[in-house]
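Okay, structure first, notes after.
Bear in mind that the values in this text are calculations on the coordinates, not laboratory data. Everything numeric in this text was worked out from a predicted model, so none of it was measured. Cβ atoms come from the backbone with ideal geometry, glycine included; neighbour counts cover every protein chain shown.
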């Protein structure tokens, strides 16, 4: 039997496994009917049993079809299928010796499945019906001398039937319990992942809200400072040394204003499609801009010979994430920073090596979460935001303490367009 490769819900998967168990039960019932009516006759009412088996087979085939062609499977519907199995088993046992039939303990398989899958109320309903049916079979059934334990001829057959029933029940219970436990664990893991993602989204939204407010508030003091610096630059009494320092301040203010304009425009950029750009152009602009921001840093940059005409799509937030990593390295060891960059047609790889103190054991354990910063004035959010930004846009970052001290940061970015990703 084959199942379409569709994504099934937990209840639908449970029904699928129950149908698989029904197929096993049907195979055993048909085999037993043929064996004990044709090969080794025991006096079974063959027509009645054949009719019941045919009806149960039709119900099983309908359930097989229903799994993939109708709406969602509810818990109540699944409990109805289990109840139907209890009634079908009861009818078969009625015509084959009642409670003396060694397969009467198959009720336990259905009770175990109900206990694993169903809520408490429905589980007790299935259990109550099974116990009531078992009890009724003590008084209402068609006798079958061959399986009666008090019959000398049937004692061995009864014991053999009990063993076979135990074996089949154990296999079915083990199969179903293991599969159901796996499904429950997968559901719990998925829920935990979704809860974690929701928490991260809430944290990022809170940080973004604060950042947007800060960008708005910083605009006014920056403009004021810009006006004062411009006045001092045009002051004829200012000496050349002072003007040189003022010009440096003015350049830094322009960079800050450019950064704030980029931040305020990021909301509209995020909704826009990401246009492809040549990787070499992107890397050159990234490094040139960063070196303008950090003129005191003289990094050793190694760019391997890349393939020609390689392009990629880079979300706007990736630029700021890479700046954060470069700044972390510069802050850790201003005198010695190494940057190695290479790419192919699929990925861009960036390795940043500093010779600072590296990560503490606590920081290693908390990578990917907000944590206290060991930098003066640091808020402990840069690495957290960087990690989330890269992960959300086809990137991956790995931080590891390097041999001989310092930290190695490796970034891998996908060069595929987000629209092309599966």
Discussion item. Sorting check: for 42-54, 60-72, 18-30, which peptide has the highest mean count of neighbouring beta carbons within 10 Å, and how do the rest follow?
Written reply: 18-30, 42-54, 60-72
Discussion item. Taking R0 as 41 Å, what FRET efficiency do you get between residue 258 and residue 189 from their Cβ-Cβ distance, rounded to the nearest 0.05?
Written reply: 0.40
Worksheet, complete the sentence: Site residue 222, offset 7 angstrom along Cα→Cβ, radius 20 Å on amide nitrogen, limited to the stretch 384-415, gives 386
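Show me the ranking of peptides 92-101, 287-296 by mean Cβ neighbours inside 10 Å, starting with the highest.
Ranking the peptides 92-101, 287-296 by packing returns 92-101, 287-296.
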Item to complete: Assuming R0 = 51 Å, can you tell me the calculated FRET efficiency for the pair residue 68 and residue 351, based on Cβ-Cβ distance, to the nearest 0.05?
Response: 0.55
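Under 1.5 on a/c is rounded, so check that first for the stretch 1-141, then, if it is not, pick prolate when a/b is larger than b/c and oblate when it is not; a ≥ b ≥ c are the square roots of the alpha carbon gyration tensor eigenvalues.
Verdict is oblate for the stretch 1-141.
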Discussion item. For a protection proxy built on the mean count of beta-carbon atoms within 10 angstrom, sort 322-335, 218-231 highest first, please.
Written reply: 322-335, 218-231
Item to complete: Going by C-beta contacts inside 10 Å, put 195, 12, 410 in order with the fewest on the left.
Response: 195, 410, 12
Worksheet, complete the sentence: Residue separation between residue 310 and residue 240 times 0.36 nm, minus their alpha-carbon distance, gives in nm 20.6 nm
